[in-house]
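First up is the structure itself, then whatever we jot down about it.
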Amino acid sequence: MLVLMSGAILLGACSSATVSKEPLVEGELRLLSAGVAFGGVVTTGVSYEVKITFKADSQPTIRRACFSWEGQGPYCYHVNPRYVYFGSPGTFSVMFTPTFFGSQRVECYAEYYQGTKLLRTNVIYFNVDVRY
C-alpha cells in the first residue's frame, strides 16, 4: 500500500547542532528539516512520503536521500527530479518505508552532484512512531 501525502506536516525539526548558521559555500546543498504527515505516526511496511526542506547555493542534482536509525542503515532512496522544488527554502520528497517498530529518531542526509563531483549534505533528524 502506497500512501502519498501532500502538504505534509513537518515534525522533528533538525537539531540546531547539525545545521550550520554559516553562509552556504559555493555549490552547497544544506538540509534544514524533514518529516512525515500524520503527526509522525506510521505503519511498518507501508511507504510514506518524507518531505525534506533545504537551502542550496544553486540548483544541484539531488541523487538520493538516506536514512538510518538505531545503527541500521543507511537505507537510500532515489530522489525523482520531478519532486524537487527550488526556492527559499526548497523542498524535495522521497518515499520511505519503515521496517522497525516503536518511536525512533531517524537520521537523514542526501547525496547530490556539484558538477560531476558527488557530495553528501549535513545530517538532520526527525522522529517517527511506527506501529503495527
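When each of the peptides 115-122, 28-35 is scored by how many other beta carbons lie within 10 Å of its residues on average, the order from highest to lowest is 28-35, 115-122.
What is the local net charge at THR121, summed over the other residues whose Cβ is closer than 9 Å to its Cβ (Lys, Arg +1; Asp, Glu -1)? Its environment carries a net charge of 0. Over the range 65-132, what portion of Cα pair distances is larger than 15 Å, expressed as a whole percent? Summing the P(r) tail past 15 Å for the range 65-132 gives 60 percent. Put simply, the amide H of VAL42, placed in the peptide plane, has neighbours under 5 Å in ASP129, VAL130, ARG131, leaving out anything fewer than 5 places away on its chain. On a straight-distance basis, which aspartates and glutamates could pair with LYS21 in a cross-link, Cα separation under 19 angstrom, same-chain partners fewer than 8 positions away excluded? Counting by Cα, and skipping residues close in sequence, LYS21 has these aspartates and glutamates nearby: ASP57.
Taking K and R as +1 and D and E as -1, what net charge do the other residues with C-beta under 15 Å from the C-beta of TYR109 add up to? Once all neighbours under 15 Å are counted, the net charge is +3. With both labels modelled 7 Å from their Cα along Cα-to-Cβ, the HIS78 to LYS117 distance reads 2.7 nm. Protection proxy ranking for 80-86, 101-107, using the average of other Cβ atoms within 10 Å per residue and placing the highest first: 101-107, 80-86.
If R0 equals 35 Å, the separation of the Cβ atoms of MET95 and LYS21 corresponds to a calculated FRET efficiency of about 0.65.
Taking amide H as placed 1.01 Å from N in the peptide plane, the amide H of GLY27 sits under 5 Å from that of ASP57, SER58, each at least 5 places away or on another chain.
In this simple spin-label model, placing a label point 7 Å from the Cα along the Cα-to-Cβ direction at both ASN127 and ARG105 gives a separation of 1.0 nm.
Karplus-based coupling profile of the range 25-40, in residue order and whole Hz: 7, 3, x, 6, 10, 10, 6, 10, 7, 8, x, 10, 6, 6, x, x, with θ = phi - 60° in 6.51 cos²θ - 1.76 cosθ + 1.60 and x standing for Gly or Pro. Given in Å, the Rg to one decimal and the Dmax to the nearest whole number for the Cα atoms of the chain are 14.1, 44.
For the chain, a crude dipole built from +1 on the beta carbon of Lys and Arg and -1 on the beta carbon of Asp and Glu, taken about the Cα centre, is about 140 debye to the nearest 20.
Since every read-out is calculated from the coordinates, none of them should be taken as a lab result. As the structure is a computational prediction, the values presented were derived from the model and not from experiment. Note that we place each Cβ from the backbone using ideal geometry, even for glycine, and neighbour counts take in every protein chain shown.
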